[in-house]
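What follows draws every value from the coordinates through simple rules; no lab data is involved. Computed from a predicted model, the values in this text were never measured in an experiment. In this analysis, Cβ positions are derived from the backbone assuming ideal geometry, glycine residues included, and neighbour counts consider all displayed protein chains.
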Amino acid sequence: MCPRLTACVILICVSGGLQAAEDDELVIDKFQFTWTVAEVGKTQFLIEKDEKSTKAGLRHRGGLITGGEISISLEDAQAVGIELARTDEFLKKFKGTKDQSERITVGRMQVVFRTTDTGDFRVEITPDKWMRIFAILTPAEAKALAGPMKKAMKAGAMVDRKVKP
């Protein structure tokens, strides 16, 4: 199933970033560009560019236990996408089990495939060394995010080519 891609483009000029030169030309010296590559459930996968770098981002609108916004390298985002693409493999492996999990560390991120004490299967994404879970995904959400995240490096390169101050 092809994930629903959202191409929402926002260009924000940070205060002081738009300056008028003596000849009345406008100069962009500070900017923040955000592309919402995919939005699945409560989770968004983003490519963000400013005057210094291009990186990936994740936003998750969770509850008290999960949620927030993180910036990660394009390489880590792609590696997470590759692991999320393995969701069906872990669904089969953990079928009929309770309280089972497998943690995979990719770069500075962790992906955990888990069955709960009631046998429900879920996928957790957490930055390394965090004390709480960043995002909890259903199998369908994990698989839908996998495709766009596996293309993080390509998406970042495209943004670098097309978005220039």
Tally Lys/Arg at +1 and Asp/Glu at -1 over every other residue whose Cβ is under 10 Å from the Cβ of Ser101; what's the total? 0
Check cross-link reach from Lys42 to the aspartates and glutamates: straight Cα distance under 18 Å, and skip same-chain residues fewer than eight apart. Glu69, Glu124, Glu141
Helix 139-150 versus the longest principal axis of the chain: what angle, 0 to 90°, nearest 10, using Cα atoms? 40 degrees
For the chain, what relative contact order do you get, as a whole percent, if you take Cα pairs closer than 8 Å and at least 6 residues apart? 21 percent
Would you work out the charge dipole size for the chain about its Cα centre, treating the Cβ of every Lys and Arg as +1 and the Cβ of every Asp and Glu as -1, and quote it to the nearest 20 debye? 840 debye
Helical contribution to [θ] at 222 nm, DSSP H n ≥ 4, -39,500 (n - 2.57), averaged over the chain, rounded to 500: -7500 deg cm²/dmol
Scan segment 22-123 for trypsin sites (Lys or Arg not before Pro) in coil per DSSP, keeping those whose Cβ has at most 11 other Cβ atoms within 10 Å, and list them by number. Lys52, Lys95, Lys98
